[in-house]
Amino acid sequence: MISAKELIQRFGLEPHPEGGYYKRTHFDEHGSFSSIIFLLVKNNFSAFHRIQSDEQWNWYYGDAIIIHEIEKNGDYHQHKLSNHLQQAHFQHIVRKGNWFASECIGEYGFALCGCTVIPAFSFEKFELAKCNELVANFPRHHEIIKRLTRKS
């Protein structure tokens, strides 16, 4: 099996501000959509963040990935993407404006996904969560928020 390090080198992945590694694979000239390859390694996480576009996650390879999502109304959902027979799910759409984070679980040590953003992703519309502010807004989810944020 190919390793996370080999995937990072093979695809020229770079560190992402939220955690993990990525490479933009497409940006539509009209800004209608963009896509990336995203690799998350075990014992790391993609920190809670939100964007102002819908984002479709596609699971490709490696461990299962769990997407933790807090909707605007405060409802929390967990979505597991993997090829495990009983829980085979390959796609999930995070709706614009929802806070979300992700982590991988399994024995391989990484999960490889693709993310497509409609309309196209831009860092100007990307917001990395501040733990204290997110906990103040969603106190009933304080445990998962504290575990999956990097900023106070």
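Assorted remarks:
- Computed over protein heavy atoms with a 1.4 Å probe, the accessible surface of the chain works out to 55 Å² per residue.
- Couplings 3J(HN,Hα) for the range 4-12, derived from phi with the Karplus relation 6.51 cos²θ - 1.76 cosθ + 1.60 (θ = phi - 60°), are 4, 4, 5, 5, 4, 5, 4, 9, x Hz, where x marks Gly and Pro.
- Estimated from helical segments only, the mean residue ellipticity of the chain at 222 nm is -3500 deg cm²/dmol, where each DSSP H run of four or more residues counts as -39500 (n - 2.57).
- Among 61-68, 85-92, the order from most to least packed when residues are scored by Cβ within 10 Å on average: 61-68, 85-92
- Euclidean distance between Cα centres, the range 97-152 to the range 1-35, Å: 17
- Assuming charge only on the beta carbon of Lys and Arg (+1) and of Asp and Glu (-1), the dipole of the range 74-152 about its Cα centre is about 160 debye to the nearest 20.
- When only Cα pairs below 8 angstrom with a gap of at least 6 residues are kept, the chain shows a relative contact order of 28 percent.
- Qualifying GluC sites (Glu not before Pro) in the range 27-75, where qualification requires a DSSP coil assignment and no more than 13 other C-beta atoms within 10 Å, comprise 29.
- The portion of the accessible surface of the chain made up by carbon and sulfur, rounded to a whole percent, is 49 (1.4 Å probe; DNA, RNA and ligands excluded).
- 5 angstrom amide H check on residue 96, placed H, neighbours 5+ away: 54, 55
- Extension gain, residue 85 back to residue 140 (0.36 nm per residue minus Cα-Cα distance, nm): 16.6 nm
- Taking a ≥ b ≥ c as the square roots of the eigenvalues of the Cα gyration tensor, an a/c ratio of 1.5 or more together with a/b no larger than b/c marks the range 1-57 as oblate.
- Working note: Karplus 6.51/-1.76/1.60 with θ = phi - 60° gives the range 29-40 the couplings 4, 9, x, 6, 7, 9, 9, 9, 9, 10, 10, 10 Hz, where Gly and Pro are set to x.
- About the Cα centre, charge dipole magnitude for the range 69-119 (Lys/Arg +1, Asp/Glu -1 at Cβ), debye: 200
- Nonlocal amide H pairs with residue 130, under 5 Å, H built at 1.01 Å: none
- Oblate is the label for the range 77-152. Its Cα gyration tensor axes, ordered a ≥ b ≥ c, give a/c of at least 1.5 and b/c at or above a/b.
- About its Cα centre, the chain has a charge dipole of approximately 300 debye under the convention of +1 per Lys or Arg Cβ and -1 per Asp or Glu Cβ, with nothing else charged.
- Distance between modelled label sites at residue 96 and residue 24, nm, 7 Å Cα→Cβ extension: 1.8
- For the range 1-115, the square roots a ≥ b ≥ c of the C-alpha gyration tensor eigenvalues yield an a/c of 1.5 or more together with a/b not exceeding b/c, which makes the shape oblate.
The values are calculated or read from the model by the stated rules, or taken from the named source; none is laboratory data. Since this is a predicted model, take the numbers as computed values, not measurements. Cβ sites come from the backbone with ideal geometry, for glycine too, and all protein chains shown count toward neighbours. Ligands, DNA and RNA are stripped out before the accessible areas are found, and what is left, the full protein with its side chains, is counted by its heavy atoms. Shrake-Rupley method; radii C 1.70, N 1.55, O 1.52, S 1.80 Å.
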